[in-house]
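Some notes on the structure that comes next.
The values are calculated or read from the model by the stated rules, or taken from the named source; none is laboratory data. What you see is a predicted model, and the numbers here were worked out from it, not measured in a lab. When we count neighbours, we look across all protein chains shown, and the Cβ atoms used for this are built from the backbone with ideal geometry, even at glycine.
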Amino acid sequence: MRLFLAPMEGVVDHHMRDLLTGLGGVDICVTEFVRVTDAVLPERVFKKLCPELANGCQTPAGTPVRIQLLGSNLDKLARNGAKAARMGASAVDLNFGCPAKTVNSSDGGATLLKDPQRVYDVVKAVRDAVPQHVPVTAKIRLGFADRSAYLGNATAAWQGGASELAVHARSKADGYKPPAYWDYIGRIRQAVEIPVIANGEIWSLEDYQRCKQQTGCSDFMLGRGLLARPDLALQIKHFEAGTAYTPLPWGDVCQLLYGFYRETGAAYPEKFLGNRAKQWLMYLQRTYPQAKELFEEIKRFREHEDFQAAFDRQFDNSRDIEQIGDTII
């Protein structure tokens, strides 16, 4: 049983991969997409999106990172896939799921799901170009305008040579609106002869259990749910192992957030100070009401002194709550 950290453009970069894999429970990561058009990209492009290439294509915690390609030019996808493999990619992943209009209008992402033959052609071109010891994997949605072609696209990816298939249980038209149609993933799993990774609307341990029951999958991909609940992968792993686990309290999560703020603050221009922490808070507030309060406090901040004071207040409040708890015990 493996848990994947989903690739989320503009959200799950190497900073977030480092943080979440360091916390534990995540077995495999996938980069944000490398957009392929009409050129073989220079090494700096791959290294920017996947600095883990300098560490054996692993996060500091030792979690493998797959390089994700997006595009439709068969020759250039094949050549860039081969280049990623030469640079040390642990696997080359192909994006057939991005629903963004700018991506789809450039003939990339989910728009290829309109024609399963195109999915097959892309996977086969990359598989033929990449050495056999390097896996070529794919991620799809259930379709574009509707879900009718879900099985054709999944079969095309398998027959094209994908060694694994992650399935986001919605069509492009469904966007990110609930529900996720997990039962479709179960039908795909029965139809193809490669591992299928279930993805979509897994926000909690209870969601995971329902998804597992409906899909029959052994592997799962967590995206927004893991951002909202950073230890969700650990909760799932402990549940499967039959061991007790106490979810992270807000004080511990706030410490993670503070470290993330400090690390990302040093990596971006000063005018963007705190933007990544604010972005993460938008997800965290789904689980932690304190995250909403902190976001409202800092959403207009631009100075480090203001951010520091806000975090200090959070830490003081958390210590007060812990002391009250100790007194009650």
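Kindly indicate whether any position in the stretch 162-172 is over 20 Å from the mean Cα position of the chain (by Cα) and in the same structural domain as Arg210 (by TED's automatic domain parsing).
No.
Given the criterion in contact (Cβ under 8 Å) with a residue 40 or more places away in the chain, within 30 Å of Val136 (Cβ to Cβ) and in contact with a strand residue (DSSP E or B) (Cβ under 9 Å, 6 or more places away or on another chain), identify the matching residue among Ile202, Ile185, Ile197.
Checking each option against the conditions leaves just Ile197.
Exactly one condition in (1) over 27 Å from Thr102 (Cβ atoms); (2) assigned to a loop (DSSP other than H, G, I, E, B); (3) out of contact with any helix residue (DSSP H, G or I) (no Cβ under 6 Å at 6 or more places or on another chain); (4) not charged (D, E, K, R) is not met by Val134; state its number.
(3)
Over 18 Å from the mean Cα position of the chain (by Cα) and either in a helix (DSSP H, G or I) or basic (Lys, Arg) (or both): does that describe Phe239?
Spelling it out, Phe239 is indeed over 18 Å from the mean Cα position of the chain (by Cα) and either in a helix (DSSP H, G or I) or basic (Lys, Arg) (or both).
Answer yes or no as to whether Asp107 is surrounded by fewer than 18 Cβ atoms within 10 Å (Cβ to Cβ) and at pLDDT below 95.
It is true that Asp107 is surrounded by fewer than 18 Cβ atoms within 10 Å (Cβ to Cβ) and at pLDDT below 95.
So which of Arg224, Arg286, Arg262 is closer than 20 Å to Thr21 by Cβ, basic (Lys, Arg) and within 18 Å of the chain's Cα centre (by Cα)?
After ruling out the rest, the residue left standing is Arg224.
For every residue, the table says whether it meets (1) of a type outside the set (Val, Ile, Thr); (2) in a helix (DSSP H, G or I); (3) out of contact with any helix residue (DSSP H, G or I) (no Cβ under 6 Å at 6 or more places or on another chain); (4) modelled with pLDDT of 95 or more.
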residue	(1), (2), (3), (4)
Arg17	yes, yes, yes, yes
Gly22	yes, yes, yes, yes
Val26	no, no, no, yes
Ala39	yes, no, yes, yes
Pro60	yes, no, no, yes
Arg79	yes, yes, yes, yes
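So Ser218 fits all but one of (1) outside the structural domain of Leu19 (by TED's automatic domain parsing); (2) over 25 Å from Glu9 (Cα atoms); (3) modelled with pLDDT of 95 or more; what number is the exception?
(1)
Among the residues of the stretch 81-131, which ones are touching a strand residue (DSSP E or B) at 6+ places or on another chain (Cβ under 7 Å), farther than 16 Å from Leu70 by Cβ and part of a helix (DSSP H, G or I)?
Scanning the stretch 81-131 gives Ala85, Arg127.
Assuming Gly225 fulfils every condition listed in (1) surrounded by 14 or more Cβ atoms within 10 Å (Cβ to Cβ); (2) not acidic (Asp, Glu); (3) not assigned by TED's automatic domain parsing to the domain that holds Gly25 apart from one, which condition is it?
(3)
List, please: which pairs have Cβ atoms under 9 Å, are six or more places apart or on different chains, and start with a residue in the stretch 45-60 that is touching a residue at least 40 places away in the same chain (Cβ under 8 Å) and end with one that is of a type in the set (Lys, Arg)?
Short answer, once both residue conditions are applied: Phe46/Lys83; Thr59/Arg17.
Yes or no, residue by residue, for (1) in contact with an Asp or Glu (Cβ under 8 Å, 6 or more places away or on another chain); (2) among the small types (Gly, Ala, Ser); (3) modelled with pLDDT under 95:
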{"residue": "Met282", "(1), (2), (3)": "no, no, no"}
{"residue": "Phe295", "(1), (2), (3)": "no, no, no"}
{"residue": "Phe307", "(1), (2), (3)": "no, no, no"}
{"residue": "Ala310", "(1), (2), (3)": "yes, yes, no"}
{"residue": "Phe315", "(1), (2), (3)": "no, no, yes"}
{"residue": "Ile324", "(1), (2), (3)": "no, no, yes"}
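Does the stretch 274-292 contain any residue that is in contact with a Phe, Trp or Tyr (Cβ under 9 Å, 6 or more places away or on another chain), among the basic types (Lys, Arg) and either on the phi > 0 side of the Ramachandran plot or part of a helix (DSSP H, G or I) (or both)?
yes
Residue by residue through the stretch 187-206, note down the ones that are assigned to a loop (DSSP other than H, G, I, E, B) and closer than 24 Å to Gln159 by Cβ.
Answer for the stretch 187-206, where residues must be assigned to a loop (DSSP other than H, G, I, E, B) and closer than 24 Å to Gln159 by Cβ: Val192, Glu193, Ile194, Pro195, Gly200.
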